[in-house]
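J.: The following block contains the structure, expressed as structure tokens.
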Amino acid sequence: MWKNQRVSIVLPTYNEKESIQAFIRDLEKQDVIDEIIVVNNNAAPGTSEEVAPTSAREVIETEQGYGAAIQRGFREASGDLVVLFEPDATFLAHDIYKMLAYADDFEVVYGSRTVKELIWQGANMGLFLKWGNYAVAKLMEFLFNTTNLTDVGCTVRCIRRKTLEEMQPFFTVKGSFFGPEMMVISISQRRKIIQIPVNYVERVGHSAVTGNKWVAFLLGLKMINLVVTYRIKSWLKPGLFKTG
């Protein structure tokens, strides 16, 4: 627990068979975590066998997509604070303390992988990905006149239970650009948010998205389209994401 609040971890998995058990073991060493939920999203054969010896609870989400997996994990999580990670060894489990510390003052804490000093040697964050994420983040920051943003693609994020419940009805993206949709919705609802730097390490295995520049480029275009479209919608229909 963190200050009398239960903490849930959500791990969407597709192609992380080689790294998922080690990452769960690292999470188990952190003394603030109450539950770990692995969302098997048509994952590589053998993934379930890697999860089985750990304390994590595995759920199966058959609808393919990064967003679909995360949203299923959100629905399964029971904690007062829900923390999202990826089990591909690119993130460090002890960064959870950083996220939780900021969660004391903010409804949603977003991670950023673009701080040079925290990008480890071998991490897949070259100029193309770093400045692509930075550019889309700055577009979002400018269009919505919000807090400082430097990364739209970082999976690491922490959200309070009540805030999550009020945002969930507006989630629509089931694919790889769910991350910026969640950010836009939190901004549009005037949530108290912040983005903080997290460690970014060399991945174990290959990413189907960031491992291919053309796929990453097309994903970036989809993110830009989403940000601009949501901004126009919010102008045309104030209160689009209003709750209650």
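The values are calculated or read from the model by the stated rules, or taken from the named source; none is laboratory data. Bear in mind the structure is a predicted one, so any value in this text is a computation, not a measurement. All Cβ positions, glycine included, derive from the backbone under ideal geometry; neighbour counts span all protein chains shown.
J.: Of everything in segment 94-147, what is surrounded by fewer than 22 Cβ atoms within 10 Å (Cβ to Cβ), at pLDDT 95 or above and of a type in the set (S, T, N, Q)? Give them in sequence order.
T.: N145, T146, T147
J.: Would it be correct to say that G205 is closer than 21 Å to F128 by Cβ and at pLDDT below 95?
T.: Working: closer than 21 Å to F128 by Cβ: yes; at pLDDT below 95: yes.
Spelling it out, G205 is indeed closer than 21 Å to F128 by Cβ and at pLDDT below 95.
J.: Applying the selection to segment 109-133, what residues are farther than 20 Å from N225 by Cβ and in a helix (DSSP H, G or I)?
T.: First, pick out the residues of segment 109-133 that are farther than 20 Å from N225 by Cβ: 109-127, 130.
Residues satisfying the conditions are K116, E117, L118, L127, K130.
J.: Anything in segment 101-142 that is touching a residue at least 40 places away in the same chain (Cβ under 8 Å), under 19 Å from S188 (Cα atoms) and among the aromatic types (F, W, Y)? List them, or say none.
T.: Residues satisfying the conditions are F106, Y110.
J.: Could you name every one of the strands (runs of 3 or more DSSP E) located completely within segment 15-86 that has at least 3 residues being out of contact with any Phe, Trp or Tyr (no Cβ under 6 Å at 6 or more places or on another chain) and among the β-branched types (V, I, T)? Steps first, please.
T.: Numbers: elements: 35-40, 57-60, 81-84.
Hits in segment 15-86: 35-40.
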